[in-house]
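Here's the structure, in structure tokens; my notes come after.
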Amino acid sequence: MNTITTTSNRARQVFSAFLEQHGHRKTDERFAVLKEIYSSHGHFDIESLFLTMKNKKYRISRATIYNTVELLLACNLIRKHQFGKNLAQFEKSFENRQHDHLICTECKNVVEFCDPRIQNIKTTVGEVLKFKVMHHSLNLYGICINCFEKKGGSTNPAK
């Protein structure tokens, strides 16, 4: 069994236990939303998830997706982001590696990146300031190379 399938199965177990513990029904539709999220990569919004599921012939309403997303947020299986626009984006978070985001202010593209120096900062903060970092969020806003070149910039927007 591959890592994605294993993670998806474990996320399903967590979700099932959460639903049971909080008195929610375990419906096929809720588990279909979870499966779709955990089989995809990157960020998603409610509308794109709805359209993806409709195109795959799921019989599901936007309301069911919205309600399921709220439940998945409550049991920490997904994370919500607001990247400076009115559209909320989400990503799976169960057994998801630490990462941060680069957001292009022109095309709105979001790129995930991981820099081990950030983990070092978290460790140092814990040791020096006696503060346990539970989670963090780092979003860097700027212009991606494609948008920079379209605006007539050189090939290195960092300069």
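When the stretch 1-36 is examined, which residues are found to be among the hydrophobic types (A, V, I, L, M, F, W, C) and in a helix (DSSP H, G or I)?
Passing the criteria: ILE4, ALA11, VAL14, PHE15, ALA17, PHE18, LEU19, PHE31, ALA32, VAL33, LEU34.
How many residues are more than 25 Å from HIS81 (Cβ to Cβ) and surrounded by 14 or more Cβ atoms within 10 Å (Cβ to Cβ) when one looks only at the stretch 1-36?
1
Just the residues that are buried (at least 18 other Cβ atoms within 10 Å of the Cβ) and either in contact with a Pro (Cβ under 6 Å, 6 or more places away or on another chain) or not in a loop (DSSP other than H, G, I, E, B) (or both), please, taken from the stretch 37-70.
Passing the criteria: ILE37, TYR38, PHE44, LEU49, PHE50, MET53, THR64, ILE65, THR68, VAL69.
A quick yes/no check of all residues on (1) at pLDDT below 90; (2) closer than 18 Å to PHE44 by Cβ; (3) in a loop (DSSP other than H, G, I, E, B); (4) of a type in the set (S, T, N, Q):
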{"site": "GLU91", "(1), (2), (3), (4)": "yes, yes, no, no"}
{"site": "PHE94", "(1), (2), (3), (4)": "yes, yes, yes, no"}
{"site": "LYS108", "(1), (2), (3), (4)": "yes, yes, yes, no"}
{"site": "THR124", "(1), (2), (3), (4)": "no, no, no, yes"}
{"site": "VAL133", "(1), (2), (3), (4)": "yes, no, yes, no"}
{"site": "PHE148", "(1), (2), (3), (4)": "no, no, no, no"}
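The values are calculated or read from the model by the stated rules, or taken from the named source; none is laboratory data. Please read all numbers here as calculations on a predicted model, not as lab measurements. Note that each Cβ is placed from the backbone with ideal geometry, even for glycine, and that neighbours are counted across all protein chains shown.
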